[in-house]
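Written below as structure tokens is the structure these notes are about.
The values are calculated or read from the model by the stated rules, or taken from the named source; none is laboratory data. Being a predicted model, the structure only gives us computed values, none of them experimental. A quick note on method: Cβ atoms are made from the backbone with ideal geometry, for glycine too, and the neighbour counts reach across all protein chains shown. Calculation scope for accessible area: heavy atoms of the full protein, side chains included, ligands and nucleic acids excluded. Shrake-Rupley method; radii C 1.70, N 1.55, O 1.52, S 1.80 Å.
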Amino acid sequence: MRARSYASVSKFLGPLAFVLILLSTAGPASAQAPATASPAIVGTTDWDQWKFNCSLFTDFAKKFINCAASTFRSRPFHFVAQSVVPGSGIGGGGRYTADLNEKNGAQDQLQATSFITIRQFWYAELKFTSTRAIVADWNKSGESLFLNIYARNRSLPTMPFYGLGPNTNVNNSVRFSQRETSAGIEIKTPFPEVSWLSAGGTFEGLWPNIGGVTGANIVSIQQQYTEQTAPGLTTQPPFVHEKIFLNPHKRFLTRFEINYNVAYNFYQDVNLGHYSFRRLEAKADHRFYPEKKKHGGVIEQNYFSVLWRYSVSDASAGNAVPFYLQETIGGSDIDSQPSLRAFKDYRFRGPDLMTVQVEYDRKVCDACEPCKPGIIRTVCSHLGLLLAYDAGKVAFRKSNLDFSDMHQSFGGGISIYLGKDVIFRMAVALGGGEGRHPYFNVGNFI
């Protein structure tokens with residue numbers, strides 16, 4: 001038991017130490033001037049600035065902070081440090097971005113990213129994004145048209161599986177490997193004549209691959225599960241995924257904001273059709289900003305939120321929803337969204353889901369103006385507090401999605417900011433009946 005405890009602490013502190021190192025380098029870079037005056041930088045990229053900041057032969061020790069910031073921010077190429085999915089560990093790689101802006105004001109960008117983590121999870125993506133202003137009388141919101149064309153692949157060599165349904169046993173976990181390849185197009189546009197509504201859709205191809213895992217003290221999924229208890233285990237066909245959504249959103253009375261999203265998905269098995277299914281998703285996010293800035297506006301990082309999520313899947317007679325495309329709650333899901341933080345990642349899995357999350361986030365201070373440059377100013381400007389309550393359940397039938405017998409968790413911790421974005425969260429959650437659970441999440445921040 002003691003050895004397991006030490007291993008857990010090691011897993012928990014490793015990402016935190018990594019983030020703190022990055023903050024100590026990238027964080028203060030904007031507040032500190034180089035030791036010597038910068039020469040005039042010419043060129044359309046940041047390479048000239050990087051070469052100056054990282055020149056080894058002139059005051060490298062004094063320019064280390066600026067060098068680190070340039071290394072992780074420079075255009076068109078910079079290094080990245082992030083995770084693939086919860087449980088993958090932190091990794092590193094590179095990102096190349098080419099700006100292709102046109103004279104009509106469109107913001108076009110071509111981006112290639114690839115990285116691998118310390119646990120051999122890897123991710124690669126090539127995407128083209130375009131943001132184009134819509135100057136027309138019907139565009140009451142003034143929002144732009146957004147287009148994303150992408151191809152991506154992620155390899156997940158070992159993922160936990162606890163079975164399906166709301167009453168699985170945490171001690172009966174097995175492992176499986178998963179590889180996902182997808183390519184498609186996403187689009188989002190303001191809704192005509194309505195200032196508070198956007199609409200959009202996705203059309204993509206999915207090529208999943210599921211396998212077993214070998215290793216000492218590892219139970220592979222095929223040893224305990226079959227096609228009947230884990231649909232999609234024996235074969236994984238290609239899918240065509242179509243999605244349409246509506247996004248009502250509005251800020252009112254300065255301090256209140258609502259952001260809803262209602263989406264309908266169709267996953268089509270292009271082989272035999274056995275795994276074709278439909279899914280309805282609804283999210284309702286309500287936020288209240290209690291603190292205002294001295295010169296007007298609210299402090300966006302300080303808010304109280306209530307998030308409700310509802311997702312139900314439906315398959316025709318004789319069809320099945322593959323287990324690897326079913327919803328999960330516990331820790332974080334495969335897209336790094338937190339839910340039931342008192343439980344392990346992917347703890348409960350099922351075709352239908354409902355969750356309620358109440359969260360309070362507060363950045364300790366926007367800036368520590370009286371503080372001298374140093375550790376106090378760094379901590380003050382980068383540290384935040386987090387309190388959260390989660391409740392949720394998965395089910396095999398949507399009629400079972402109610403507020404009775406929901407799993408619950410509550411806890412608190414700290415957040416670390418880089419500018420306005422949260423890049424790391426660390427908390428301890430209780431109430432799940434499976435002991436105290438240390439929760440941490442590393443954002444895709446660099």
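Considering only residues that are in contact (Cβ under 8 Å) with a residue 40 or more places away in the chain and surrounded by 14 or more Cβ atoms within 10 Å (Cβ to Cβ), look in region 243-264 and name the one that is farthest from the chain's Cα centre (by Cα).
So, considering only residues that are in contact (Cβ under 8 Å) with a residue 40 or more places away in the chain and surrounded by 14 or more Cβ atoms within 10 Å (Cβ to Cβ), the one farthest from the chain's Cα centre (by Cα) is Arg255.
Is at least one residue of region 162-172 more than 24 Å from Ala320 (Cβ to Cβ) and touching a Gly at 6+ places or on another chain (Cβ under 7 Å)?
Checked against the condition, which is being more than 24 Å from Ala320 (Cβ to Cβ) and touching a Gly at 6+ places or on another chain (Cβ under 7 Å), region 162-172 yields no hits at all.
Can you pull out the residues in region 128-180 that are of a type in the set (Val, Ile, Thr) and farther than 30 Å from Gly432 by Cα?
Those that are of a type in the set (Val, Ile, Thr) and farther than 30 Å from Gly432 by Cα: Thr129, Thr131, Ile134, Val135, Ile149.
Identify all residues within region 418-446 that are farther than 21 Å from Val358 by Cβ and either free of Cβ contacts under 8 Å to residues at least 24 places away in the same chain or not in a loop (DSSP other than H, G, I, E, B) (or both); write none if there are none.
Leu418, Gly419, Asp421, Ile423, Phe424, Gly435, Val442
Which of the following residues is in contact with a Phe, Trp or Tyr (Cβ under 8 Å, 6 or more places away or on another chain) and either open to solvent by 50 Å² or more (accessible area, probe 1.4 Å) or farther than 16 Å from Leu206 by Cα (or both): Gln222, Gln268, Gln228?
Gln268
Out of all the residues in region 414-439, which are farther than 30 Å from Arg279 by Cβ and either at pLDDT below 90 or open to solvent by less than 20 Å² (accessible area, probe 1.4 Å) (or both)?
Selection gives Ser415, Ile416, Tyr417, Leu418, Gly419, Lys420, Ile423, Phe424, Met426, Gly435, Arg436, Pro438.
Strands (runs of 3 or more DSSP E) wholly in region 270-368 with at least 3 residues that are more than 21 Å from Gly165 (Cβ to Cβ) - which ones?
277-288, 303-314, 352-363
Any idea which of Ile329, Ile244 is over 23 Å from Gly431 (Cβ atoms) and out of contact with any helix residue (DSSP H, G or I) (no Cβ under 9 Å at 6 or more places or on another chain)?
Criteria check complete, one pass: Ile244.
Does Asp269 satisfy the condition of being in contact with a Ser or Thr (Cβ under 8 Å, 6 or more places away or on another chain) and either charged (D, E, K, R) or within 20 Å of Ile185 (Cα to Cα) (or both)?
Taking the combined requirement at face value, the residue satisfies it.
Please specify each residue of region 317-338 satisfying the condition of being open to solvent by 10 Å² or more (accessible area, probe 1.4 Å), modelled with pLDDT under 95 and in contact with a strand residue (DSSP E or B) (Cβ under 8 Å, 6 or more places away or on another chain).
Within region 317-338, Asp333, Ile334, Ser336, Pro338 qualify.
Please determine, by comparing only the residues of region 131-172 that are among the aromatic types (Phe, Trp, Tyr) and open to solvent by 30 Å² or more (accessible area, probe 1.4 Å), which one is nearest to the chain's Cα centre (by Cα).
My answer is Phe146.
Let me spell it out: the conditions are (1) more than 30 Å from Ala199 (Cα to Cα); (2) open to solvent by less than 50 Å² (accessible area, probe 1.4 Å); (3) in contact with a strand residue (DSSP E or B) (Cβ under 7 Å, 6 or more places away or on another chain); (4) not hydrophobic (A, V, I, L, M, F, W, C), and Arg175 meets all of them except one. Which number is the exception?
Just one mismatch for Arg175, condition (2).
Between a residue in region 201-230 that is free of Cβ contacts under 8 Å to residues at least 60 places away in the same chain and any residue that is part of a loop (DSSP other than H, G, I, E, B) and loosely packed, with under 15 Cβ neighbours inside 10 Å, which pairs come within a Cβ distance under 6 Å, given they are 6 or more apart or on different chains?
Trp207/Pro238; Glu227/Thr234
Can you tell me which residue within region 206-219, out of those that are under 29 Å from the mean Cα position of the chain (by Cα) and of a type in the set (A, V, I, L, M, F, W, C), is most open to solvent (accessible area, probe 1.4 Å)?
The selected residue is Trp207.
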